[in-house]
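Participant: Below you'll find the structure I mean.
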Amino acid sequence: MDPVRNPYAPGAGQRPPELAGRGRELDVFDIVLERIARGRPERSLMLTGLRGVGKTVLLNTLRSQAINRLWGSGKIEARPDQSLRRPVAAALHMAIRELAPRHRAPDRIDAFLGVLKAFAQRSTTTGRAGAPSKLRDRWQPGIDVPAASGRADSGDIEIDLVELFTDAAAVASDVGTGVALFIDEMQDLGPEDVSALCAACHELSQIGAPLIVVGAGLPHLPAVLSAAKSYSERLFRYQRIDRLDRIAADQALCAPAEREEVEYEQKALDLLYEKSGGYPYFVQAYGKATWDHAPRSPITAADVRVAAPEAEAELAVGFFGSRFERATPAEREYMRAMATLSLVEGESGAAVRDDMDAAVPTSEIARALGRKPASLSPARDALIKKGLIYSGERGTVAFTVPHFGRYLRTQPT
């Protein structure tokens, strides 16, 4: 097998050669865009799921759909140490630049850019939660018009974001289209920014303005939004992005191979699904390693068994290991307890099921470590902030990374 022709792409946010199993999400977004174009009410969209299920890839694909419909679009990646103001300003600047050539009134574009500049420059005096901004945050947008006064510059992010989004939507309405703002890692936004974003989306939905937010985040994103605004449960359309079913996983492997005139034996596909669990990132990783090791077509189960250790070694370093290294000794102890508890035992005491992606009660973790639950709160909270675990329901935690429990059980203590 020629490694140069290897079609698989196990990269962070890198689109696979075959985007299998996501047809429903693409169709739903097409309907959302068309309804908004016709003046129909629609909700913004939130994609949730574990790491490695392809949320970023899907987010980028949805953005391409918006661009193909001549929408203005911008994308940001939320960071826990950064206010929403600066990245949103940059993203909307990009979106309006896409719409400007089709607008008949340049003065309207300049007026909006003046508001955008005022919104962006407001962050040069205060950062998140009103604290003085650091020198590295003192950013000047590349906008030649003077900053406007009295619009989106109050310093209250909730007021300013509502006004900014409303004005951006008005510009899009002028050219008969819309604006789509895409936010990755949305669970990392600060509480004030989440509250402001919900308020802005609420206002837009009430007036039917053609601006939508498409967010992507970990499974606890709905809880983050609900904590900010109680009405967020009804404000957004939530879509859980999960691992691929067997048909979609086979398609992700076979369709690119067929274009290279390569086939898989059925037993090879059986083993690849068992190894990958249907998680898109793992499908690509095992597919790439198997291709490189297979001597010829059709690819066999024996080829998969030979290649699997290489795929697992790469995942251990790049996907699991890099995250494990970020944890302190106390945090690693906490995660190892989680990993042990995810191993379900039968009556004989032998492990019968590896429920590695299931939630684990925090009380059981404390019991396993012989500690009081309150004493473990710092480790749990730190792991949540680092994005290694999440709490989907009160009193439980789960890994944000598929198969992480299995990986931890292979590591020396």
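The values are calculated or read from the model by the stated rules, or taken from the named source; none is laboratory data. Keep in mind that this is a model prediction, so the values were computed, not measured. We place every Cβ from the backbone using ideal geometry, glycine too, and count neighbours over all the protein chains shown. Protein only, heavy atoms only, side chains kept; ligands, DNA and RNA dropped before computing areas. Shrake-Rupley method; radii C 1.70, N 1.55, O 1.52, S 1.80 Å.
Participant: Once amide H atoms are built 1.01 Å from N in the peptide plane, which residues 5 or more positions from Ile299, or in another chain, come under 5 Å H to H?
Facilitator: Under 5 Å from the amide H of Ile299: Glu263, Tyr264, Glu265.
Participant: Sticking with this structure for a sec: Treating the angle as unsigned and between 0 and 90°, give the value, to the nearest 10°, between the Cα long axis of helix 157-174 and the longest Cα principal axis of the chain.
Facilitator: 80
Participant: Measure off 7 Å from each Cα along the Cα-to-Cβ vector at Thr413 and Glu364, then give the distance between these two points in nanometres to one decimal.
Facilitator: About 1.8 nm separates the two model spin labels.
Participant: Sticking with this structure for a sec: Taking a probe of 1.4 angstrom, what is the accessible area of His93 in Å², to the nearest 10?
Facilitator: 30
Participant: Multiplying the sequence separation of Thr328 and Gln251 by 0.36 nm and subtracting their Cα-Cα distance, what value in nm do you get? Let's see the in-between values first.
Facilitator: Values: separation 77, 0.36 × 77 = 27.72 nm, distance 4.01 nm.
Going from the current span to full extension adds 23.7 nm.
Participant: Looking at this model, which pairs from Lys55/Lys386; Lys267/Lys288; Lys267/Lys386; Lys75/Lys385; Lys117/Lys385; Lys55/Lys117 are more than 28 angstrom apart at the alpha-carbon?
Facilitator: Details: Lys55/Lys386 18 Å; Lys267/Lys288 17 Å; Lys267/Lys386 39 Å; Lys75/Lys385 22 Å; Lys117/Lys385 32 Å; Lys55/Lys117 31 Å.
Too far apart for the 28 Å limit: Lys267/Lys386; Lys117/Lys385; Lys55/Lys117.
Participant: Where q = 0.19, 0.20, 0.22, 0.24 Å⁻¹, what log10 of I(q)/I(0) comes from the Debye formula for segment 44-120, counting one point per Cα?
Facilitator: -0.94, -1.00, -1.11, -1.19
Participant: Can I ask one more? What FRET efficiency do you get for Glu260 and Arg237 if R0 is 41 Å and r is their Cβ-Cβ distance, rounded to the nearest 0.05?
Facilitator: Given R0 = 41 Å and the Cβ-Cβ separation, E is 0.65.
Participant: Moving on to the next point. Relative contact order of segment 255-413, please, whole-number percent, based on alpha carbon pairs below 8 angstrom and at least 6 residues apart.
Facilitator: On the way: 175 pairs, mean separation 29.7, N = 159.
It rounds to 19 percent for segment 255-413.
Participant: Which one is right for this structure if Cα extents along the principal axes in Å is calculated from it: (1) 61, 49, 37; (2) 56, 47, 32; (3) 71, 59, 38?
Facilitator: The value matching this structure is (3).
Participant: How do Tyr231, Tyr238, Tyr279 stack up against each other in accessible area, from largest to smallest, with a 1.4 angstrom probe? Numbers along the way, then the final one.
Facilitator: On the way: Tyr231 50, Tyr238 75, Tyr279 10 Å².
The ranking, largest first, comes out as Tyr238, Tyr231, Tyr279.
Participant: Let me know the charge dipole size of the chain about its Cα centre in debye, to the nearest 20, where only the beta-carbon of Lys, Arg (+1) and Asp, Glu (-1) is charged. It would help to have the intermediate numbers written out before the result.
Facilitator: Details: 53 positive and 54 negative charges, 173 e Å.
Roughly 840 debye for the chain.
Participant: Apply 1/(1 + (r/R0)^6) to the Cβ-Cβ distance of Glu274 and Gln206, taking R0 = 51 Å, and write down the FRET efficiency to the nearest 0.05. Working shown, then result.
Facilitator: On the way: r = 49 Å, r/R0 = 0.97.
E(calc), rounded to 0.05, equals 0.55.
Participant: Can you tell me the orientation of helix 55-68 relative to the chain, as the angle in degrees between its alpha-carbon axis and the longest Cα principal axis, to the nearest 10?
Facilitator: Helix 55-68 and the main axis of the chain meet at about 40 degrees.
Participant: Run lengths n ≥ 4 of DSSP H only: what is the helix-derived mean residue ellipticity at 222 nm for the chain, with -39500 (n - 2.57) per run over all residues, to the nearest 500? Write down the numbers at each step before the final one.
Facilitator: Numbers: 16 runs with 196 residues, N = 413.
Value at 222 nm, helices only, nearest 500: -15000 deg cm²/dmol.
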